[in-house]
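This report refers to the structure that appears directly beneath it.
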Amino acid sequence: MDGLPSAVLFACTMNAIRSPMAEGILKFLHGRHIYVDSVGVRGGEIEGFAIAVMDEIGIDLARHRHKTFGDLEDTSYDLIITLSPDAQHKAMELTRVMACEVEFWNTFDPSIVEGSREARLDAYRQVRDQLMERIKARFPLTAAAGV
């Protein structure tokens, strides 16, 4: 895909950690140039740790409302990026009847980490930072500027 897609959907299992983080990051970087949304296979409330670590980099997820694939009002996406095996399966089902690329970015689920608050926050930070790197590489800022 040359340049930037016009519409990107991030998908994970619950739309509570990984896909909202990815949505927030891409909106922060390219929100004027790309329509960005996120969904989960199942619904789940946004995780407090996800809100906290995104707030550290100036991205507000506090008002994020979870959605599932069934909640989508529009399916006109150029690209669906799935972040979990469950979401990959669901996206492949959905795209059988639509022209849309699907990329699988298998991303660790930080909610399975146990331990102290700081250890759990570190797991969420690692996922945030990995998503930031991957998104910056996939959607370079120079593409938005037409360079």
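Table for the structure above
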| read-out | value |
| --- | --- |
| Zone residues, the stretch 1-28, relative to Glu93, backbone N less than 17 Å from point 7 Å out along Cα-to-Cβ | 11-15 |
| Charge tally in the Cβ shell below 12 Å around Leu131, where Lys, Arg are +1 and Asp, Glu are -1, Leu131 excluded | +3 |
| Gyration tensor (alpha-carbon) shape descriptor, the chain, a/c threshold 1.5 | oblate |
| Fewest-first sequence of Met92, Met132, Met14 by Cβ atoms within 10 Å of each Cβ | Met92, Met132, Met14 |
| Mean residue ellipticity (222 nm) of the chain, computed from DSSP H runs ≥ 4 via -39,500 (n - 2.57), nearest 500 | -12000 deg cm²/dmol |
| Amide hydrogen neighbours beyond the local backbone of Val39, cut-off 5 Å, H modeled | Phe10, Ala11, Cys12 |
| Charge dipole magnitude, Cβ of K and R +1, D and E -1 - the stretch 39-147, Cα centre, debye nearest 20 | 80 debye |
| Distance in nm between pseudo-label sites at Lys136 and Glu101 (7 Å out along the Cβ direction from Cα) | 2.1 nm |
| Per-residue Cβ neighbour rank within 10 angstrom, fewest leading, Ile81, Ile57 | Ile57, Ile81 |
| For Leu121, Leu4, order by how many other beta-carbon atoms lie within 10 Å, fewest first | Leu121, Leu4 |
| Those residues of the stretch 115-144 whose amide nitrogen sits under 14 Å from the label point placed on Arg32, 7 Å along Cα→Cβ | 141-144 |
| Distance (nanometres) between label positions extended 7 Å along Cα→Cβ at Asp60 and Leu121 | 2.1 nm |
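No lab work stands behind these numbers, since they all come straight from the coordinates. Note that this is a predicted model, so its numbers are computed, not measured. Every residue, glycine as well, gets a Cβ built from its backbone with ideal geometry; the counts of neighbours run over all protein chains shown.
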